[in-house]
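The next block holds one structure in the form of structure tokens; read it before the comments.
The values are calculated or read from the model by the stated rules, or taken from the named source; none is laboratory data. Predicted model only: the values in this text are computed from it and were never measured. A quick note on method: Cβ atoms are made from the backbone with ideal geometry, for glycine too, and the neighbour counts reach across all protein chains shown.
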Amino acid sequence: MFKGQIISQRIFFVVFVFAVLWSVLLIRSAWLQLIPNSKLSRLQDKLFERTVTLKPRRGNIYDRHNKELAISIPSQSLFADPKRMKEPYYSAKKLAQLFCKPKSFFLKKFLNKNKRFVWVKRHLSKRELKQIKSWNLKGLYFLKESKRFYTHENSLSQVLGFTGVEGQGLEGIERQYEDILKGESQKVLIQRDARGRPLFRDFSPFISKVSGYDAHLTIDSDLQFYLEKGLKQAIEKSQAESAIGLILSAETSEVLAMANLPNYSSNQALKAPAWIRRNRAITDIFEPGSTLKTFTVISALKSGISPTQVYSSQDGRLEIGSAVITEADSKKKFRAFLNLSDILAFSSNVGAGSIALGIGDKKLRKTFKIFGFGKKTGIDFPGEAKGLLRELPWREIETATISFGHGIASTALQVANAYTAIANGGWLKQPVLVKKIRNPYTGEEKALKAKNLKRVLTEEEARTLSLMLISVTEEHGTGVLANVPGYFVAGKTGTAQKVNLQNRGYKKGEYISSFAGFIPAHNPKFVIYLMIDGAKDNFYASSLVAPLFSRVASYAVRQAGLLPTVLEEENIVLTSAGDRSGNSQKESIKTKWLLEKERNSNIKSDSFISRSITNIENQGLTKHNPFFIHDLKGLSLRQILKQLDNKDLRVKIQGSGRLLKSIPQGDKNEHIILIFG
Amino acid sequence: MAFYNKKEFKPFTSLLIVLLTLFVIAFFKITLRRFSYALYQATLTFDKVQDEYYSNVTVYGKMTQTKRLENLAKKHAFDYKKQGQIIQVINGRATVID
């Protein structure tokens, strides 16, 4: 019995020891599993967690109608791990054949066993990618990247700019809006399993929508294309060196088109020379010439000089000390006396010089300054030049030459923006290229509006200027070829000698031909500035640039759906729904007109047309066309007032005699200015 | 075995509860991991679809280039309107005067 007790005690003891040990193990296990331990958590995190930096996709660039201009597309780049390469010589040989580079270029990278990562080629094409994958070479790997692609190739190349290999903006809008387009990279903490696959962590998503903002430009790509096409034709025709074109919205100063020719392919930007890549409309300054006479006249008006004030044409010669100012075309003879309107219409240097000498350098400089010359416009684009406006005092000869655009330098944008101030009724605004930025995932938008800088003209002054500038595009004006049938066009030509940058003075036989104007003149929508540099053939703006302006302006107004303002006989439409006898109606009106003409030769065809229009309006056929006005040329005031008796129009009268011109005003032509002479 | 006797089954009840709890916890953790793998697959698919979308956008952008549309229009005898040409649309009927 005693022996039995000892044995059972020993058994109990062993069982007890094992039970204690197992309990300790279980308790320890439970303790580790259930009780938090910061040291162990840190160890676990270090083993299984990684911080991954998600690179954002670069935002796209669109035009004002949401057409893609620049997008980021996925691409594969090739890199090598020299330590893992089994056949460096063979790999180098194959790659040299594919990329047409020397074998040594690749061998240098592959034989450096200290490195674990060397770039071979960034942004492979589809063909290259397929070829390299088919070789299945060890040590060569692919990395997914983003590549910038410009859908319109050459169009708008200087404005959009381009990006570098790493995707950073180097020029143009890409550079100006780099911070907005590139977005912010996001660091995400990701847990990985034993195979390295990412896992949830605290239910935080790891599909990260990381992207830069999209930029929507004010540019209309159709207008841009047409403008570039026109400039290209003009360059080819005149064998010019280059050309610049700008179309701004008259109301808001938004840039609708900005062309610099020659241009380059944005998808191969670095192959183009640096001077072509520059947006010369903003970065380059030049002497604008006679387009600045408009501002000399503005200066005169602001000094209290009446529009009817006359200046002697002095037989085309203005002597200032030992210097002589002559007209651009010395053979052309002007009238003995020219008023402000004539000085613009005939582009008289002598007239402009006389005005400038009369008002003085201070007032002239002040006017140029308030219209933005000599300082940046503030457009959202890098590298803008501010131009050159001399400090006071100016000598007499400088005052006279600056009055017609020599001795002062500006950019094309400054000139266009200054004309916009006239077109919109007197407000100088800050031009803009980017309308809004938008988050592509959340849809959040931020509009970037043009700033109203200051009022530089009263509405009355702006209207007077517009009338004067209309005379430039009328018969006998230098800009007659800028006319657009059916519309009033206001503008000014400019043919300026080119400055000799090496020596003093001007280059012989080299000119900058330009035209600045707006359409429709009574209710401007578009301000267009065109400049052709170094035309060899036919360099006068009146015959080279003015017709181009007419074509571009004609396209712009039609694209915008602006109905013509001036009716002429051939423009009358006499059809209505279901009425197929339009032609016969027109014929019957023609016959009546001929009879009427025989009966009373004093009545001009225009007055007959106006009566026909009255009849048509009574029939309600033109009720869809509120913008048509009557063409009442040649009638006396009494006749006109009789014509307009039943019309709800407010009339403003200038001058006396027979009607020379009638200009509608306002959105619905509810006002009309009648100019008699 | 005396499993029909509830009193004899009682000592195992607590053990069973503990085991069941542990099993449920393990089950939820495994399910979470399965969801993670499914989401990872979805991410890869999303990336592929997004890449395809941007490739299509490139193609669309090239197709709608103004120059290309102009060439296409000319092939079908369309042309730019002449200056002074007016097209009037009244009550849906268009008349061209040039």
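With respect to B:GLY92, determine if the residue is at pLDDT below 85 and facing chain A (nearest Cβ under 10 Å).
Working: at pLDDT below 85: yes; facing chain A (nearest Cβ under 10 Å): yes.
Answer is yes for this residue.
Which of the residues belonging to the range A:472-517 are hydroxyl-bearing (Ser, Thr, Tyr) and touching a residue at least 12 places away in the same chain (Cβ under 8 Å)? Correct list: A:THR473, A:THR478, A:TYR487, A:THR493, A:THR495, A:TYR511, A:SER513, A:SER514. Of all the numbered requirements in (1) buried (at least 19 other Cβ atoms within 10 Å of the Cβ); (2) farther than 27 Å from A:ILE422 by Cα, A:SER348 misses one, and that requirement is (2).
Restricting to the range B:40-68, count the residues that are at the interface with another protein chain (Cβ under 7 Å from one of its Cβ atoms) and assigned to a helix (DSSP H, G or I). Give the steps one after another, and end with the answer.
At the first step, the residues of the range B:40-68 found to be at the interface with another protein chain (Cβ under 7 Å from one of its Cβ atoms) are B:40, B:43, B:46, B:51, B:54-55, B:57-58, B:61-62, B:64-67.
Now drop any that are not assigned to a helix (DSSP H, G or I), which leaves B:40, B:43, B:46, B:51, B:54-55, B:57-58, B:61-62, B:66-67.
Looking only at that region, the number is 12.
For the range A:348-359, does any single residue satisfy the condition of being part of a strand (DSSP E or B), touching a strand residue (DSSP E or B) at 6+ places or on another chain (Cβ under 6 Å) and either closer than 19 Å to A:ALA541 by Cβ or hydrophobic (A, V, I, L, M, F, W, C) (or both)? Walk me through how you get there before you give the answer.
Residues of the range A:348-359 that are part of a strand (DSSP E or B), as a first pass: none.
No; the residues of the range A:348-359 include none that is part of a strand (DSSP E or B), touching a strand residue (DSSP E or B) at 6+ places or on another chain (Cβ under 6 Å) and either closer than 19 Å to A:ALA541 by Cβ or hydrophobic (A, V, I, L, M, F, W, C) (or both).
There is no residue in the range B:59-78 that is surrounded by 11 or more Cβ atoms within 10 Å (Cβ to Cβ), over 30 Å from A:ARG551 (Cα atoms) and among the basic types (Lys, Arg). Pairs meeting the criteria (first residue in the range A:270-296 and more than 24 Å from A:LEU389 (Cα to Cα), second residue of a type in the set (A, V, I, L, M) and in a helix (DSSP H, G or I), beta carbons under 8 Å, at least 6 apart or on different chains) are A:ARG277/A:ALA269. Restricting attention to the range A:518-553 and to residues that are more than 19 Å from A:SER466 (Cβ to Cβ) and within 14 Å of chain B (Cβ to nearest Cβ), the residue that is surrounded by the most Cβ atoms within 10 Å (Cβ to Cβ) turns out to be A:VAL552.
Looking at the range A:267-340, the helices (runs of 4 or more DSSP H) lying wholly inside it that each contain 2 or more residues that are farther than 28 Å from A:GLY534 by Cβ and assigned by TED's automatic domain parsing to the domain that holds A:LYS369 sit at A:293-302.
The residue pairs whose first member lies in the range A:434-455 and is farther than 17 Å from A:GLY59 by Cα, whose second member is among the acidic types (Asp, Glu) and in a strand (DSSP E or B), and whose beta carbons are closer than 7 Å, counting only pairs six or more residues apart or on different chains, are A:ALA450/A:GLU254.
Say whether the condition of being in contact with a Phe, Trp or Tyr (Cβ under 6 Å, 6 or more places away or on another chain), modelled with pLDDT of 90 or more, outside any loop (DSSP other than H, G, I, E, B) and within 27 Å of A:LYS187 (Cβ to Cβ) is met by at least one residue in the range A:114-128. Taking every residue of the range A:114-128 in turn, at least one turns out to be in contact with a Phe, Trp or Tyr (Cβ under 6 Å, 6 or more places away or on another chain), modelled with pLDDT of 90 or more, outside any loop (DSSP other than H, G, I, E, B) and within 27 Å of A:LYS187 (Cβ to Cβ).
Name the residue that is farthest from the other protein chains (Cβ to nearest Cβ), counting only residues in the range A:64-80 that are in a strand (DSSP E or B) and not aliphatic (A, V, I, L, M). Among those that are in a strand (DSSP E or B) and not aliphatic (A, V, I, L, M), it is A:PHE79. Apart from one condition, A:ARG280 fits all of (1) of a type outside the set (S, T, N, Q); (2) buried (at least 19 other Cβ atoms within 10 Å of the Cβ); (3) touching a Leu at 6+ places or on another chain (Cβ under 9 Å); the exception is (3).
Among the residues that make up the range A:87-100, is at least one of them without any contact (Cβ under 8 Å) to a residue 12 or more places away in the chain and under 40 Å from the mean Cα position of the chain (by Cα)?
Here is the first cut: in the range A:87-100, the residues without any contact (Cβ under 8 Å) to a residue 12 or more places away in the chain are A:93, A:96-97, A:100.
Filter once more, keeping what is under 40 Å from the mean Cα position of the chain (by Cα): A:100.
Yes: the range A:87-100 contains one or more residues that are without any contact (Cβ under 8 Å) to a residue 12 or more places away in the chain and under 40 Å from the mean Cα position of the chain (by Cα).
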